Amino acid sequence: MKKDRQQSVLGRKNSANPTLSKPQSRRQFLLKTGGVLAAGAFGAVPLRGWAADPVNIGALYPTTGSMAQIGVGCVAAAKLAVEMINDAGGIKSLGGAKLNLILSDVQSDTTVTRTETDRLITGNKLSAIHGCFASALTLIASEVAERAKVPLLTGSSSDQLNKGRTYTFTPFARASQFARAQLQMAKLVSDKPKVAVIFENTAFGTSTSNGLKELAPAEGVEIVMFEPYSAGFTDASPLINKVKSSGANALFSVSYLNDLILIVRTVKQVGLDIAINGGSGGFVIPDFYKNVGKLAEGLQGVAHWNHDMDDNAQKVNAEYKKRTGDFLFEYAGGLVAQTFMIADALERAGSPDPQKVREALSTLDVSSGYAAMAPGGKVKFGPDGKNVYGRPVGVQWQNGDLASVFPKEDARAPLLKT
């Protein structure tokens, strides 16, 4: 494998507290373990004095290309999670075996994702994979992993991942659930919500927007505009002018970061006074606020994970923020939980064999600890690989941070009406 695409990240020696470390810069943290070893070029290096050989976990994330902002943050979270597990003693049922994270850059490209997933699996003895987050990429990675019979955990919300698959596990809310939550949140700002839905023409955009359209009547929400656009567009004015003419009092934008930044700026530029729910995707990451600043204040969204959910999430968030300078966003935080789910499965399987790990994941049932870091605090997979307790959390930008505001049982701050 090419040296710049796959890296093996080896754990450090044990310490008493898996979340404490010496302060370091964002660049130091992101690069510290990433350059330890190029797996494809040099092969796995056995660690002397360890009780057992390390357990290989694959990680598929776009660290270059259009989705790199999210991918780089996910890699940082993946390294942190592995470090936490290894510092706490590794996989005890395997003699204290450490997790060995093998990274692969899928370059924000569907063709590369297929090639790299295959390379990752055929070139390494993997127990499990976590990865992608973008539905278009994850659907491809999942197909390859299914054929190879290697379990894959993902933060992708596409409902398609729960159809006809036995090695794919989705611990968090599905796209259809995101849609219902957004519609319910619309009624928090208007008794008679009239919603304009604009969405990127990708698997993520299509599945989420279709869910909105199908569920709207039952939720008492009128969809007055339903418009796809080409992801990566450079002029949002025609689209926003259509929104302005639609009579909508709320705008749902199903978009990743760059598109969403353009849309929000254009809304303000044309003087459109409308409540915005940015959904998930690019809306719930630090770079969104960095790019639009105070224009983000009061805007709502929906996430499958937020850093204020519980004490464990807040602890991990504090460490991640110390290392990177940013709060632990949805995909990265969920990834930490996924890594602990894999560790739980390895403990119960007592084997690094991927099929045994898959069987252990299928019976996962946790309600405490880092593996249970999800809205509601429970994870249990059904026959379709979906968390039977999975649900989204409504969030709002408040003072430069994302606060959980919906539903009532998950709210950590009151909703600010703007």
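The values are calculated or read from the model by the stated rules, or taken from the named source; none is laboratory data. Quick caveat, the model's predicted, so the values are computed rather than measured. Neighbour counts are summed over all protein chains in view; Cβ atoms, including those assigned to glycine, are modelled from backbone coordinates with ideal geometry. Note: areas computed on protein heavy atoms with side chains; ligands, DNA, RNA excluded. Shrake-Rupley method; radii C 1.70, N 1.55, O 1.52, S 1.80 Å.
Computed about the Cα centre, the dipole magnitude for the range 131-282 is approximately 160 debye when only Lys and Arg (+1) and Asp and Glu (-1) carry charge, each at its Cβ. Every helix of 4 or more DSSP H residues in the chain counts as -39500 (n - 2.57), and over all residues that averages to -11500 deg cm²/dmol at 222 nm. Here the spin labels are modelled as points 7 Å beyond Cα on the Cα-Cβ line, and at Asp235 and Thr64 they lie 3.2 nm apart. Rg then Dmax, both in Å and based on the Cα atoms of the chain: 20.7, 69. Peptides 379-389, 235-245, 207-217 ranked from most to least packed by the mean count of surrounding Cβ atoms within 10 Å: 207-217, 379-389, 235-245.
Computed extension gain for Asn399 through Ser245, at 0.36 nm per residue and net of the alpha carbon distance, reaches 52.3 nm. Taking 0.36 nm per residue of separation and subtracting the current Cα-Cα distance, fully stretching the chain between Gln269 and Lys92 would add 58.0 nm. What is the percent carbon and sulfur in the accessible area of the range 274-329, measuring with a 1.4 Å probe over the protein chains and ignoring ligands? Its accessible area is 49 percent carbon and sulfur atoms. Each of the peptides 321-327, 176-182 was scored by the mean count of other Cβ atoms within 10 Å over its residues; in descending order, highest first, they stand as 176-182, 321-327.
For the pair Lys125 and Lys187, label points projected 7 Å from Cα toward Cβ lie 5.6 nm apart. Scanning the chain for DSSP H helices at least 15 Å long along the axis (C-alpha atoms) with a Kyte-Doolittle mean no lower than -1.0 picks out 68-87, 110-123, 135-148, 175-186, 203-215, 257-269, 330-349.
Here the spin labels are modelled as points 7 Å beyond Cα on the Cα-Cβ line, and at Lys290 and Thr363 they lie 4.4 nm apart. Accessible surface for the chain, divided over its residues, is 39 Å² per residue with a 1.4 Å probe. Cβ-Cβ distance of Thr166 and Lys378, R₀ of 25 Å, FRET efficiency by 1/(1 + (r/R0)^6): the value works out to about 0.70. For the range 340-418, carbon and sulfur atoms together expose 49% of the accessible surface, with a 1.4 angstrom probe and every protein chain in place.
The portion of the accessible surface of the range 175-269 made up by carbon and sulfur, rounded to a whole percent, is 47 (1.4 Å probe; DNA, RNA and ligands excluded).
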